[in-house]
Structure formats: structure tokens, C-alpha cells
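What follows is one structure encoded as C-alpha cells, with my remarks underneath.
Values in this text are rule-based calculations from the coordinates and carry no lab data. All values derive from a computational prediction rather than experimental measurement. Virtual Cβ from ideal backbone geometry, glycine too; neighbours counted across all protein chains shown.
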Amino acid sequence: MRILDRNIIKYKFSFLLSCLLLLSGEAFSEQQRVSLRWKPSQGAESYLIELSEDRDFLRVHHFYKTKNFRYEFNSQDSKFYVRVVGINADGGRGVSSPIISLADKFAAAPKVKVERPSTVVASSEELRISLGDPKTSGPSSNTPGSPNSQKQVPVSTYYRVNGGEWQRYDGSISLSQEGWNEVEFYSEDILGNKETPKKTKYLKDTTAPQVRLIGEKKGQSGLIEIKSGAELTLQVTEEGSGMEEITINLAARDGSGAEVNLTLSGEEAKQPIKISSSGIDGLSILRWEANDKAGNYIQSELPLLIDAKHPLCVFAPTEGKLREDGIYYLKENGLIAIRCEDPGTGSGLSKLEYKIGNGSIQSYQNPIGFNTGIHTVTVYTSDRVGNKAELKIKVNAIKPDWQKTGSELQEK
């Protein structure tokens, strides 16, 4: 893609246009196509793609209307100049984009043999295609021996869509049906010379690619919750003109930690897309932008809770204290209480268990009591996405009624 002009007047709507050379056409025929793309304009509900025979646009020859940001032209438009105008919800027009000569673009576009028996056109709720100027299109009465063989006589062009009724062509054809449309057309002059009808196919694609996150569920926070480092999978569905490109970004909302930026096109954009969340923690935003070959565009974002931290625990003796040697000393009837919490941006505590010495693992419910002596306590904890921790403490439970001894004081 080549940027044509960055110095665009900013008033109401502004445009940044670029041209792509795209290849398409009928089976095994040599065809040229030029694609025009512009950046979305704030406030524009739709766009008029206007074509004129003169650079000053003294007269608009015909137009296409679309809600997308890309349009592809066939060689029938190669002689025209083109500009794009944003239209707001009330029908007001913005400032026109820079004017581009399609003749220059088609002159640079290579002709190639293609096998796809179709023409892809950009989506539009009022999609219109042009067969050229109805006053000059079609056959002339240049049949050898004809008295008018050197003259162009008035002609009329007729068309029908998908086998419907024949209609007179007045400069453009409206395609209302989503999907493939077969257009037949022929011209007839006033002398009755009639050409054999020709056929062409157009794909009207008004549906943007569908992108969704699969295999994940919402947690108690109401958000999709995953363990940091786990892979996310985006599934892309595009049943119309085919995927053009998808751009994906995943980053923590506060800007901390790692960030993922990924752009895929062609075949890669059609496959399920794997995204690593390694190095990301806390409330995060998954964003994507995708467009298909017809110019349909979608952007969306999804908040996620990515949890990189295991729960944290504190131990509180009810009758005793932690000595400098790292051992909890308990008085008679003393207990050890365990309190574990997941960090504020975590997924929440899922499991808290313990065992004393080589005993069995038990679920922690209430503060733990101990027999007299020294004990090792192992605590197991995990959060809802699988972050785990194993902690060990030592406890010395002392019985207060030990035997006291002393010495007698003797007189001499």
C-alpha cells in the first residue's frame, strides 16, 4: 500500500487515501484491478465514491456508495478521476478527499491471468456498478457493407440481474442481493443491430469478518479469566470475499508488563490464531481490527483478567507468637489461623489445604490446634486459574505445667 497524500484539509471529515493493485477477473483472462483505501473519518456514516471524466469534477459521471473504507475498481472505470466524500447521519457532505487519476493507477497495474471466475466489489447497502456511458457503450453499426459502417449510431444497453427482467441501462446497476450476482447485458442500436449478451459475476459482500475468542469462560469477576502465559485462541470466520488482514493487540490496561502486537494476512488470517499472554498481568484489553477483500471492516475489544500471581497467605497464632528463630510458639490452647487472599487483580482463592507432618491433607476450615511438641505444617493454596503455592511453617506447642526444681538454703 502506498500513501498518496498526507496533507489533507481537516474540516468535518478528512481522508487519507492509498491505492493497492489487486488482481482478479474472469477465468484465464487478463484483467486489471485497482483498490482504493481510505482511513475512517469521524462523523461519517457512509462514503460516496464519485467518478468524473475531468479532474475538476465539473460533473459527476457516476458514483458508488459504501459504508466501508475500501473499494475495488474494474477496468471500466479506468478513464475516470475519483474522489471520496464522507456523509454524516443527516446526509451532510464532508470535505472531499484528494482527487486520484484511475488512468494513472491502471497504467501501472499489471495484467495477469487469473482463474477466479468472479469480480469482487466493495460492500454497500446501495451497491451500484457501471458498464460505462450508455450513450457510447455497446456495438456500433460497423458491420462490413453497412452504409453506416464508419459512423457511431445511438445505442441502448439492457441488463438483467440473476435471470430477472431485462431493464434499460441508465448509467449504473444496483445490486441488492448479498452474495454472488450474475449480470447479463447487451447493447442494441437504432438499426436493430444487437450484440450477443455478455455475462459477468459480482460478489456483493456486506458482512464483515467475524472474530471471537474460543475455549474461555467468564470467572467470578464477570470477565474472562486466564492464567498468565496461557494461550488465547481467536477464531476468524469470513464466508464472503475472503480475509484480507487482521491486526491484534493484547496489553495490560495500566501499561505494565509485556504487550502482544500481531498482524496476519492471506492464508494465515484464515486459521485459528494463537496469542500468548506470557508476561501480562492484571486487567488487560484484547483488541482486534479485521477487514475482508471487499473492504468490510470490524474493530472490537474484549476485557480480560490475566492472573500471574498465586494467592498470598499469613499465619496468625491465637495464643503465642513468632520467635526470631522462625518458629511459631503456642501457649496452652493456642491455635494457628491461616488467611490466604488472591491479589486484588487476581482471579480469587480456589483451594486452601494443609497437612501436619506426614499426616493426610485436609481442607482448611478453622484454626488448627497442635499436640505438645514441634510440628511442620505444609499449606497448599491455588487460585481459580491454577496459580499454586506451597508454604511450610514450624510450630512448637509448649505445655505450661512442667516440673520446677530448686535448691534449699542451708544455715551453718
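Which whole-angstrom value gives the distance between the alpha carbon centres of the stretch 218-291 and the stretch 55-114?
One Cα centre to the other: 34 Å.
When a/c reaches 1.5 or more, the comparison of a/b and b/c decides; with that in mind, is the stretch 312-397 rounded, prolate or oblate per its Cα gyration tensor?
On the way: a/c = 2.25, a/b = 1.80, b/c = 1.25.
Here the stretch 312-397 falls in the prolate category.
Using +1 on the beta carbon of Lys and Arg, -1 on that of Asp and Glu, and nothing else charged, what's the dipole of the stretch 312-397 about the Cα centre, debye to 20?
Details: 10 positive and 9 negative charges, 21 e Å.
With only Lys, Arg, Asp and Glu charged at Cβ, the dipole is about 100 debye.
Using a Förster distance of 35 angstrom, determine the FRET efficiency expected from the C-beta separation of Lys394 and Ser278, and round it to 0.05. Numbers along the way, then the final one.
Numbers: r = 36 Å, r/R0 = 1.02.
Efficiency computed from Cβ-Cβ geometry: 0.45.
At q = 0.28 Å⁻¹, what base-10 log of I(q)/I(0) does the Debye formula yield for the stretch 347-401 when every alpha carbon is treated as an equal point scatterer in vacuo?
The Cα Debye sum returns log10 ratios of -1.15.
At 7 Å along Cα-to-Cβ for each site, give me the label-to-label distance between Thr318 and Thr372 in nm.
Taking the simple label geometry, Thr318 and Thr372 are separated by 2.1 nm.
Return the FRET efficiency for the residue pair Ser350, Glu178: r is the Cβ-Cβ distance, R0 is 60 Å, and the value is rounded to the nearest 0.05. Don't skip to the end; give the middle numbers.
Details: r = 47 Å, r/R0 = 0.79.
So the FRET efficiency works out to roughly 0.80.
Could you calculate the FRET efficiency of Ile285 with Thr196 from 1/(1 + (r/R0)^6), where r is the beta carbon distance between them and R0 is 45 Å, rounded to 0.05?
Values: r = 58 Å, r/R0 = 1.29.
Using R0 = 45 Å, I get an efficiency of 0.20.
Report the full-extension gain for the segment Arg59 to Gln76: residue separation times 0.36 nm, less the Cα-Cα distance, to one decimal in nm. Please list the in-between numbers first.
Values: separation 17, 0.36 × 17 = 6.12 nm, distance 1.79 nm.
So the extension gain works out to 4.3 nm.
Taking a threshold of 21 Å on the Cα-Cα distance, which of the pairs Lys67/Lys105; Lys217/Lys351; Lys217/Lys274; Lys331/Lys388; Lys351/Lys392; Lys79/Lys293 fall above it?
Working: Lys67/Lys105 23 Å; Lys217/Lys351 19 Å; Lys217/Lys274 17 Å; Lys331/Lys388 32 Å; Lys351/Lys392 16 Å; Lys79/Lys293 23 Å.
Too far apart for the 21 Å limit: Lys67/Lys105; Lys331/Lys388; Lys79/Lys293.
For a distance above 16 Å, tell me the whole-number percent of Cα pairs in the stretch 210-307 that qualify. Present the calculation step by step, with values, prior to reporting the outcome.
Details: 2541 of 4753 pairs.
Of all Cα-Cα distances in the stretch 210-307, 53 percent exceed 16 Å.
Determine the gain in length on full extension of the stretch Asn261-Asn333; use 0.36 nm per residue of separation and subtract their C-alpha separation, reporting nm with one decimal. Walk me through the intermediate numbers first.
On the way: separation 72, 0.36 × 72 = 25.92 nm, distance 5.82 nm.
Working it through step by step, the gained length comes to 20.1 nm.
Among Ser256, Ser350, Ser187, rank each residue by its count of other Cβ atoms within 10 Å, from fewest to most, as a rough exposure measure.
On the way: Ser256 13, Ser350 16, Ser187 22.
Arranged by neighbour count, lowest to highest, Ser256, Ser350, Ser187 become Ser256, Ser350, Ser187.
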